Structure formats: structure tokens, C-alpha cells
Amino acid sequence: MPNGVGAFFFEECDSTNARAAAFAKAGEQGPVWVIAGAQSAGRGRRGRAWTSETGNLYASLMFRPSIRAQDMAALPFIVALAVRDTFVALGAPEDQVQCKWPNDILIGGRKASGVLIESSARHGGLLDYVIIGIGMNLVHFPDDAAFGATSLRHATGLAVSVKDAVSVLAEKLYRRIDAWKVDDFKAVADEWTRYSWGLGQKRELRTHDETFTATLLGLSDDGALIARLDDGSEKRLYAGDVFPVDRAD
Ligand code: BTN
């Protein structure tokens, strides 16, 4: 772990995000990683489950930045870039590792990592704590996921231990968070855009209440995905998922 960063390891727990939140509520100051060999109730974005067999990486960083909730726009993209850095440092070919909005990481066009960020605000708007939960498919991947999945081993043949992956991830994320300037979203957005999947192209967008196709244009200053609909109007998405266009339509 980088200097000053703590870590707890569970062979198995319900969810490293849930454990990290419990530590925060019990007064743990962080920054601290909670790492598990397996999870019995792994949580994905938008209420989904995250299948968590032994062999993949399940880790959550809890820390207490002195910022307001509205200053968090860059964080999902900073985390995605750190996960991308990690896969590349572990040997994945640089040109195959891409970022998919909001913070998935793809290898060879298939999802190899997901990120779930949760936070709690204090009275007055400052954040109490932030939890960055990261799942990296080192070995296993679901074969029935809505967006095609893969693992580092399946995509590249590389066999990497959880321990090695965690130490690279902790270092990469530490550097990225250390370099984070809350009022300079553009630098992060530009770098994320360089590695992004689907920008400038037509994609299917799914939110909690609609599915539509649109051309992805880029990120707004507050982290939304800007998309141009088929009627020429622009829409900003703050939550949702991006898929290839279903060619059977
Ligand atoms: C997604 O839906 O893509 C996000 C998945 C995030 C999974 C990770 S695994 C470690 C941490 N603990 C959880 O329960 N979820 C996150």
C-alpha cells in the first residue's frame, strides 16, 4: 500500500463497499482499502449484483476528501483511468484497454472491470466519506452479462494474482487522486476521451426509464455524457449504460 494508506483483507465478505461504509460509520478515518477474496453480495451500479468468485479483484477505497458533492464530477473518470493504468501495467496491450462511460473498462471491446462509487455527505454539503469500489475480472467473467464481458486472462492470456493486481491498483489510484485538481475537470475529461469507447459513434443508451440510440459527443463539465439524438437535439445523461446498437433492430 502507498504510505499512509491502510488495508483490511477478508477471505470472503458480503460486499467490500458495505464493509468500507461500516468502517467509515464506526469512525475509521481512512484512507483505507477493504479487499475481499470473494463477495457473497457484491453490488453493481444501478442496483445490479456483481458476481464475485475467488480469483478476481474486489476492493474498495474509503477516504474523506474535504470537498462538496458537486466537486466530484471528475472522480468516476479518474478511477476509470487508474483501472486502465493498472490493466496496462499488468501487461494488457495499451491500445486494447478502453474506457466506456461512465467508468467501465473494456479489454478488446468487452467489459473487464466495473466501478461503484458511493458517498455520504455531512450537514452543510461537505462530504463525510467516499467509497470507490472496484471489481477487476482477472480470471472469471460472466457469460450472460448484458454487455459482453471478459477477463484479463481470457483476453490476453496473462495470469495475475489478486495481490499483485491490488498493489498496482492502489499505487495507480493513489497517484491519480493525488494529482486531482477539483476545479480542472478538462484535463481528466481530455485524457478519458482519448481512451474512450464509442465517442463519435452511434450507440444504444439505456437509462432507468428509456432506451434510445444516439451519437455520443463527449463529456459535459459536470461529467454527463452528451449525446445527439436522431432528430438532431442533444441530451445529457447523468446515469445509464451504453451498448452497441442492436443490428437486428
Ligand atoms: C458495475 O456495475 O459495473 C460496478 C461493479 C462494482 C463491483 C465492485 S467489486 C468491489 C466493490 N464491492 C461491491 O460490492 N461492488 C464493488
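Laboratory data are not the source of any read-out in this text; all were calculated from the coordinates shown. Given the structure is predicted, the values throughout are model-derived calculations rather than measurements. Every residue, glycine as well, gets a Cβ built from its backbone with ideal geometry; the counts of neighbours run over all protein chains shown.
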Where in the chain are the DSSP H helices whose C-alpha atoms run 18 Å or more along the long axis and whose mean Kyte hydropathy is at least -0.5?
75-89, 162-178
What percent antiparallel are the DSSP beta bridges of segment 189-249, to the nearest 5?
95 percent
Rg from C-alpha atoms of segment 71-189, normalised by the globular rule of thumb 2.2 N^0.38 Å, equals 1.10
Express in nm, to one decimal, how much length is gained between residue 123 and residue 147 on full extension, taking 0.36 nm for each residue of separation and deducting their alpha carbon distance.
4.8 nm
Relative exposure of 203, 122, judged by other C-beta atoms within 10 Å (fewest first)
122, 203
Semi-axes of the equivalent ellipsoid for segment 56-124, please: Cα gyration tensor eigenvalues, times 5, square-rooted, ordered largest first, whole Å.
27, 12, 10
Most exposed to least, judged by fewest other Cβ atoms within 10 Å, 83, 168 sort to 168, 83
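Run the dipole for segment 158-212 about the Cα centre, Lys and Arg Cβ at +1, Asp and Glu Cβ at -1, nothing else charged, and hand back the magnitude in debye, nearest 20.
180 debye
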Each residue of segment 60-73 in order: what ³J(HN,Hα) in whole Hz does its phi give by Karplus 6.51 cos²θ - 1.76 cosθ + 1.60, θ = phi - 60°, with x for Gly and Pro?
10, 9, 10, 8, 10, x, 8, 9, 8, 4, 6, 8, 8, 3
Specify the inter-centroid distance of segment 207-249 and segment 119-148, based on alpha-carbon positions, in whole Å.
21 Å
Along the positive direction of the dipole of the chain (beta-carbon charges: Lys, Arg +1; Asp, Glu -1; about the Cα centre), which of 212, 36, 141 reaches farthest?
36
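Among DSSP bridges having both ends in segment 1-111, what percentage is antiparallel? Round to the nearest 5.
Within segment 1-111, antiparallel bridges account for around 60 percent of the total.
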Could you tell me the calculated FRET efficiency between residue 96 and residue 163, based on Cβ-Cβ distance and R0 = 22 angstrom, to the nearest 0.05?
0.35
Which value does Rg/Rh take for segment 187-234 over its C-alpha atoms, Rh per Kirkwood?
0.98
What is the Cα centroid distance between segment 182-197 and segment 1-30, reported in whole angstrom?
28 Å
Given all pairs of different Cα atoms, what value in angstroms does the Kirkwood hydrodynamic radius of segment 138-247 take?
16.6 Å
Can you give the % of DSSP beta bridges in the chain that are antiparallel, to the nearest 5?
80 percent
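Dipole size in debye (nearest 20) for segment 48-165 around its Cα centre, Lys and Arg Cβ +1, Asp and Glu Cβ -1?
Result for segment 48-165 is approximately 200 debye, rounded to the nearest 20.
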Cut-off is 10 Å between beta-carbons; in what order do 12, 210 appear when sorted fewest neighbours first?
210, 12
Roughly what percent of Cα-Cα pairs across segment 13-103 reach past 19 Å?
53 percent
Just to verify a number: FRET efficiency for residue 7 and residue 246, C-beta to C-beta distance, R0 = 45 Å, to 0.05?
0.60
Alpha carbon convex hull of the chain, projected area averaged over orientations, nm²:
13.6 nm²
Selection from 106, 70, 123 lying farthest towards where the dipole of segment 22-144 points positive, charges on Cβ:
123
Suppose every Lys and Arg Cβ carries +1 and every Asp and Glu Cβ carries -1, with no other charges. What dipole size does segment 1-108 come out with about its Cα centre, to the nearest 20 debye?
480 debye
Note the full-extension length gain between residue 41 and residue 66 as 0.36 nm times their separation in residues minus their Cα-Cα distance, in nm to one decimal.
6.0 nm
